[in-house]
Amino acid sequence: MATVESHGLAPVQTLFDVIEARLPSRLELFSKLTKEFSDVTLHNMTVGNVMGGMRGLPCILWEVSGTDKAGITYHGKSLRELQEVLPKWRGSDQTSPEAMIWYLYSGSIPNRAELEQFAADLAARAEVPAEVEEFCDSLSPDISSTAQLIMCLTVWANHSKFSDALMSGAPRNKLWRYALEDALDSHVGTPLISARIYANKYRDGRDRTAPLNPLGDIAENFAIRMGRKGDTDFTELIRMYWSLHMDHGANVSAHTMRLSSSAWTDPYLTLASGLISGTGVLHAGAIMQALRYNQAMVAAIGPEPSPEAVETYICRTLEKGHVVPGYGHALLRSADPRLEPITRFINTRPITDSGSSEQGKMLRLIAHNSTIVPDILRRHVPRMKSTAPNVDSLSGCLMYAHGLDIDFILLVMGCSRGMGFMAQYVWDRALGLPIERPLSVTMDQIMAKL
């Protein structure tokens, strides 16, 4: 892709241009760290690190973000800072997912011309291979949405440009370009296949081939194929979720994709591996767990219960040995920064006629509980390191309130996480990172060292 001239103004760069320009300095830094500082101690590993699933162990190189107890930063900027500086789509109040994608790849803020050109490039890629579409349409609606997308991605792997480049002997230092081609195709194609799954499962196939808006962004075209054309609130919801959830460091789904892709698995199979790990209730599956928990609580004690009723309900949960979904975080020790924009969305775009609906009641319950549940948990679970609400407490409930079935919610999140990780995938190939291969150790071996 060539640089585009813009009528006397500064040239408008493509994403390929920006990565190409950034690559020499990152390769230089990679070489410096590898050659000059490879023996420097970065962390003293403990038995607790091994027994605790490597929690807190800084041992995975991540190009696009860094995570610590204060939260996540993307190329050094916090989520709040990015929401202030990243451009928005025309007529939108939300951070543009395309702008976030660009930033994760490049570490730079796209200008308006670059954003629109990038969105146009993605729109031009909105052609999923016919083999994938036919396979998708053949699947039984009884199969879960997530399983359907995983299967579709494995079929799509037959069309990987990265795999073709490997087979044809492309130079190793050029593989990132083919990886980026696949990644860009997946940024628009995965949402379209997800929307097709939705249309097949819930709408008898209606709108799965509806004409896309060639001047629209990926969120708008996703909404069109789901039969939500013109639903501004839904499109804005998708823009918000995708921009908020793209990257979160080496969590389970991202780490799974990192491990898989380190063996040079193609991007489509890599995305499938991330979806598989995301189904676990200790990871993205917690979104559905929180939604179901809130549904049960509304049914049992109503949308605006007394603090005493909430405490009784939560104590009953704890007595059964269960966790209270939607509170606490494996890493963060304060409120999840993604909660603020979600809460603002709820307050500024209330669900029409939702006051007496199940969805509206759940949103009221969450708003009510977020102010009292942290204190209840502090008193009853003193070992809990953080009792603040996390993003799971609202994510699934808000999407459910906007008409998405519980079964489909994980796909919305999966689209976003896949977009974010593909930036890491491309940089892994550009930097020439090695295969991930930690050394395993048994408890007997540990005891022998103590």
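The values are calculated or read from the model by the stated rules, or taken from the named source; none is laboratory data. Model, not experiment: these values are computed from the prediction. As a convention, Cβ positions derive from the backbone with ideal geometry for all residues, glycine included, and neighbour counts pool all protein chains shown.
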Does the stretch 388-398 include one or more residues that are at pLDDT 90 or above, aliphatic (A, V, I, L, M) and surrounded by fewer than 23 Cβ atoms within 10 Å (Cβ to Cβ)? no
Criterion first (loosely packed, with under 14 Cβ neighbours inside 10 Å, within 22 Å of Met246 (Cα to Cα), at pLDDT below 80 and of a type outside the set (Asp, Glu)) does Ser334 satisfy it? yes
Hey, can you tell me all the residues within the stretch 221-249 that are outside any loop (DSSP other than H, G, I, E, B), of a type in the set (A, V, I, L, M) and out of contact with any Gly (no Cβ under 8 Å at 6 or more places or on another chain)? Ala223, Leu237, Ile238, Met240, Leu244
For the stretch 92-122, enumerate the residues that are touching a helix residue (DSSP H, G or I) at 6+ places or on another chain (Cβ under 7 Å) and of a type in the set (A, V, I, L, M, F, W, C). Ala99, Met100, Ile101, Trp102, Leu104, Ile109, Leu115, Phe118, Ala119, Leu122
Looking across the stretch 64-89 at residues that are of a type in the set (A, V, I, L, M, F, W, C) and over 12 Å from Ile109 (Cβ atoms), the single one that is modelled with the lowest pLDDT is Ala70
Examine the stretch 349-356 for a residue that is under 27 Å from the mean Cα position of the chain (by Cα), of a type in the set (A, V, I, L, M, F, W, C) and at pLDDT 80 or above, and state whether such a residue exists. no
Which members of the stretch 86-114 meet the condition of being under 20 Å from the mean Cα position of the chain (by Cα) and either free of Cβ contacts under 8 Å to residues at least 12 places away in the same chain or not in a loop (DSSP other than H, G, I, E, B) (or both)? Lys88, Thr95, Pro97, Glu98, Ala99, Met100, Ile101, Trp102, Tyr103, Leu104, Tyr105, Ser106
Of the residues Tyr327, Tyr293, only one is of a type in the set (Phe, Trp, Tyr), at pLDDT 80 or above and more than 30 Å from Tyr74 (Cβ to Cβ); which? Tyr293
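Each row is one residue, and each column tells you yes or no for (1) polar (S, T, N, Q); (2) surrounded by fewer than 23 Cβ atoms within 10 Å (Cβ to Cβ); (3) within 16 Å of the chain's Cα centre (by Cα).
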| site | (1), (2), (3) |
| --- | --- |
| Ile372 | no, yes, no |
| Ile376 | no, yes, no |
| Ser386 | yes, yes, no |
| Phe421 | no, no, yes |
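Rundown of residues vs (1) more than 23 Å from the chain's Cα centre (by Cα); (2) part of a helix (DSSP H, G or I), yes/no style:
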position: Val128; (1), (2): no, no
position: Ile143; (1), (2): no, no
position: Asn158; (1), (2): yes, yes
position: Ser163; (1), (2): yes, yes
position: Gly169; (1), (2): yes, no
position: Leu175; (1), (2): yes, yes
position: Glu181; (1), (2): no, yes
Under 7 Å by Cβ, and 6 or more places apart or on different chains, what pairs join a residue from the stretch 14-29 that is of a type in the set (Phe, Trp, Tyr) with one that is not in a helix (DSSP H, G or I)? Phe16/Met1
Just one of the numbered conditions (1) in contact with a Ser or Thr (Cβ under 8 Å, 6 or more places away or on another chain); (2) acidic (Asp, Glu); (3) in a helix (DSSP H, G or I) is not true of Glu436; which one? (3)
